[in-house]
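The values are calculated or read from the model by the stated rules, or taken from the named source; none is laboratory data. Source: prediction; values computed, not measured. Here the Cβ is made from the backbone with ideal geometry for all residues, glycine too, and neighbour counts use every protein chain on show. Each accessible area value is taken on the protein alone, full model and side chains, heavy atoms only, with ligands, DNA and RNA left out. Shrake-Rupley method; radii C 1.70, N 1.55, O 1.52, S 1.80 Å.
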Amino acid sequence: MKDAAPEPAAGHSPGGGSSGPPCRIAVFASGGGTNLQALVDHFQADADRGAGIALVVSDREGVGALDRAARAGVATRVIPAGGRAPADVAGDILAALDEAGIDLIALAGYLRLVPADVVRRYRHRMVNIHPALLPAFGGKGMYGRRIHEAVLEAGCRVTGVSAHLVDEQYDTGPILFQWPVPVAAGDTPDTLARRVLRVEHRVYPVVVEALARAVAEGRRGEPAAPDPPAAFRLHETAAPTEAELRRLLGLPG
Ligand code: GRF
């Protein structure tokens, strides 16, 4: 039903509210919540960013994300998903989102497939951060350490972060933004995960702010990121010279 343009949550008017930020964000998290923390810090630092974290939803009790939310004064809801019918889970999630007047959802380490009814209601208004360059190294079971193990096993020299809109499957929605991260010689899954996570913390809050702006302005969830990041532009415009390639590959000049 509601799957075309972004719609405000019931009883709430993005961009037009008289109290609180114009765009109210729910963060879904199952784990430690460092990306949640980056989002909270970003929006609490400057009220002019036009959005705020109004709710944290977790499928698990006792996780770090819930502690971080409580410390930041953000409301929390635990909505278990294991062994339950997706429609029941969706009903609980949508009730919580309606009650909190949520305009936009940011997944941050949420390890469950978002039920289809929730995807339909929040299509173009739900974003995820993934610690690799999609569409590679994504999909069911590709989370946490496993991603970085797979990147290293494949011998990749570059990995990165991807922010994408959420659809009915794991990691397949339209990509909004990517940033490359080099793989270093001698990397382990843990050293690589740390390097990627630092970039996630930098990238995700800004992408979520751009999406929040798009939602508040009534645009579809397509934040203004038409230009490739500078790192990509550099490669596009500056192909390596043969001399440079020979040096890099250890060939005589
Ligand atoms: C991050 O790497 C994120 O990209 C992925 O899950 C991890 C969550 O980490 N989806 P944290 O809970 O935000 O620390």
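Residues whose amide H lies under 5 Å from that of residue 172, counting only those 5 or more places away or on a different chain, are 167; hydrogens are built 1.01 Å from N in the peptide plane. Summing charges over all other residues whose Cβ lies under 14 Å from the Cβ of residue 146, with Lys and Arg as +1 and Asp and Glu as -1, gives -2. Each Lys or Arg adds one and each Asp or Glu takes one away; over the other residues whose Cβ falls under 15 Å from the Cβ of residue 192, this sums to +1. Note on surface exposure: 201, 148 rank 201, 148 by accessible area, highest first, 1.4 Å probe. Here the accessible area of region 155-204 is 56 percent carbon and sulfur, with a 1.4 angstrom probe and all protein chains present. Close amide H contacts of residue 75 (hydrogens built in the peptide plane, cut-off under 5 Å, sequence separation of 5 or more or a different chain): 56. Only protein heavy atoms count here; under a 1.4 Å probe, residue 143 has an accessible surface of about 100 Å². Across region 83-92, computed HN-Hα scalar couplings (Karplus, 6.51 cos²θ - 1.76 cosθ + 1.60, θ = phi - 60°) run x, 10, 5, x, 5, 5, 4, 4, x, 5 Hz from first to last residue, x flagging Gly and Pro.
Distance between Cα centroids, region 63-83 to region 32-49: provide it in whole Å. So the separation of the two Cα centres works out to 15 Å. Backbone phi angles across region 202-210, fed through the Karplus curve with coefficients 6.51, -1.76 and 1.60 (θ = phi - 60°), yield HN-Hα couplings of 7, 6, 4, x, 6, 5, 5, 4, 5 Hz in residue order; Gly and Pro are listed as x. Placing pseudo-labels 7 Å out from each Cα toward the beta carbon at residue 45 and residue 243 gives an inter-label distance of 4.1 nm.
Run the accessible area of region 68-120 with a 1.4 Å probe and give the carbon-and-sulfur part as a rounded percent. Carbon plus sulfur share of accessible area: 50 percent.
Quick one: accessible area per residue over region 71-111, 1.4 Å probe, rounded to a whole number of Å²?
Working: 1730 Å² over 41 residues.
Accessible surface, normalised per residue, equals 42 Å².
Convex hull volume per residue, computed on the Cα atoms of region 117-205, equals 84 Å³.
Rolling a 1.4 Å probe over the heavy atoms of the protein chains gives region 114-181 an accessible area of 42 Å² per residue.
Annotation: amide H of residue 28 within the under-5 Å range of 57, 106, 107, 108, sequence separation 5 or more or interchain, hydrogens built in the peptide plane. Give me the tail of P(r) for region 16-142 as a percent: Cα-Cα pairs with distance above 18 Å. Summing the P(r) tail past 18 Å for region 16-142 gives 52 percent.
With a cut-off of 9 Å between beta carbons, the residues surrounding residue 43 carry a summed charge of -2, where Lys and Arg count +1 and Asp and Glu -1.
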